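The structure appears right after this line, and notes come after that.
Here, each number is a calculation from the coordinates, and none is a lab measurement. Not measured: the values here are computed from a predicted model. Positions of Cβ are backbone-derived with ideal geometry, glycine not excepted, and every protein chain shown enters the neighbour counts.
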Amino acid sequence: MAVIFNAAGTIATAGNGNVTPGLPAAFAADDIHVLVVATQDNVVITLPAGWTKKIELNSTTDHRLTVAWRRAVAGDTAPLVTHAAGATIAAQIAGYRGAVATGDPFDAFGSQA
């Protein structure tokens, strides 16, 4: 089965502080949720248990990007992205279906600041 894009949740933004991006509509157990968080600072975000950070980049001055993932389970709720200080934050979750059923769903990845 091929991996397909299912849906994206609502974008959450704030001038500073925490955000809670929406989960993709009609998600199913074992979907892969990919969370992308961008901030205008270099403050490290924290996520609830079950989310795995895959990429964290910062510009050393005023931008930070974090990508994390989680395998969906029935009853999941939108995660609180904790951003303890700093400037603007934006976060969104995309859902994918058809990934491997166990382990890390990323075949290969790379990042460059």
> To the nearest 0.05, what FRET efficiency results for Ala28 and Glu56 with a Förster distance of 35 Å applied to their C-beta separation?
Replying inline: 0.80
> For the chain, what's the radius of gyration and Dmax over Cα atoms, in angstrom?
Replying inline: 14.0, 42
> Quick one: putting +1 on the C-beta of Lys and Arg, -1 on the C-beta of Asp and Glu, what dipole do you get for the range 1-88 around its Cα centre, in Debye to the nearest 20?
Replying inline: 100
> In nm, what is the difference between 0.36 nm times the number of residues separating His63 and Thr10 and their Cα-Cα distance?
Replying inline: 16.9 nm
